[in-house]
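Before any comments, here is the structure.
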Amino acid sequence: METRTGLSTSLPSPRSVAYSPSIHDVNSFDCGNESLNTWLIRDAHHARLMGAANTYVFARDSHVIAYYSLSAHQLQSDELPTRLAHGAPLAIPAYLIGKFAVTKEVQNQMIGGSLLIDALLRLCRASEGGPSARIITVDAIDDAAINFYRKNHFVSSPTDQKQMFMKMSTARRIVTRG
């Protein structure tokens with residue numbers, strides 16, 4: 001089904017909202033990783049203003065309990081596993097999930113999985129109505145993150161297991177499954 005703008009209505013709407021420092025309280029955000037905490041508290045708004053990344057949050061009242069950031073990215077085909085690079089040009093347009101974190105108070109409550117689905121959904125919607133990409137990439141911060149992304153259909157680079165990828169077609173299948 002298409003709307004008047006030509007966009008498909010087959011995708012649900014994301015549950016996250018764009019981060020706004022005037023609305024969202026991030027000062028007590030603690031995911032257990034100081035660099036992810038600091039980035040949200042100190043750098044997320046600036047990244048948005050500079051056009052480097054957009055940050056989306058899950059919040060209870062005004063307190064942020066989880067967030068991710070998205071940006072445009074470019075990969076070289078030799079960075080990808082062969083099965084993902086097959087038929088691709090040398091330079092491949094990609095989306096980057098640059099930051100991804102859940103507060104310690106709600107970890108192990110499946111918020112991370114919901115947050116990832118939300119990010120994938122947002123990227124699928126973006127590729128429908130604007131510039132598209134072939135690949136979604138993440139740089140996993142540690143072994144727990146590698147395991148999380150692997151369980152969620154990302155595959156590692158042949159040269160660096162922390163650099164992980166998913167085809168947009170896989171993301172679309174994930175967000176549209178019933």
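What follows draws every value from the coordinates through simple rules; no lab data is involved. All figures in this text were calculated on a predicted structure; none of them were measured in a lab. Please note: Cβ atoms are built from the backbone with ideal geometry, for glycine as well, and neighbour counts cover all protein chains shown.
Since only L84, Q163, V17 are under comparison, the one whose Cα sits farthest along the positive direction of the charge dipole of the chain, derived from C-beta charges on Lys, Arg, Asp and Glu, is L84.
Mean sequence separation of contacting Cα pairs (under 8 Å, at least six apart), scaled by the length of the chain, corresponds to a relative contact order of 20 percent.
Counting only Cβ charges, +1 for Lys and Arg and -1 for Asp and Glu, the dipole size of the chain around its Cα centre is about 640 debye.
Over the chain, the alpha carbon radius of gyration divided by the compact-protein estimate 2.2 N^0.38 Å works out to 1.03. Computed from phi, the 3J(HN,Hα) profile of region 146-162 under the Karplus parametrisation 6.51, -1.76, 1.60 (θ = phi - 60°) reads 4, 4, 4, 5, 4, 4, 10, 6, 8, 10, 7, 5, x, 10, 8, 5, 7 Hz, with x in place of Gly and Pro. Give the calculated FRET efficiency between N33 and S62 to the nearest 0.05, with a Förster radius of 22 Å applied to their Cβ-Cβ distance. Efficiency, rounded to the nearest 0.05: 0.50.
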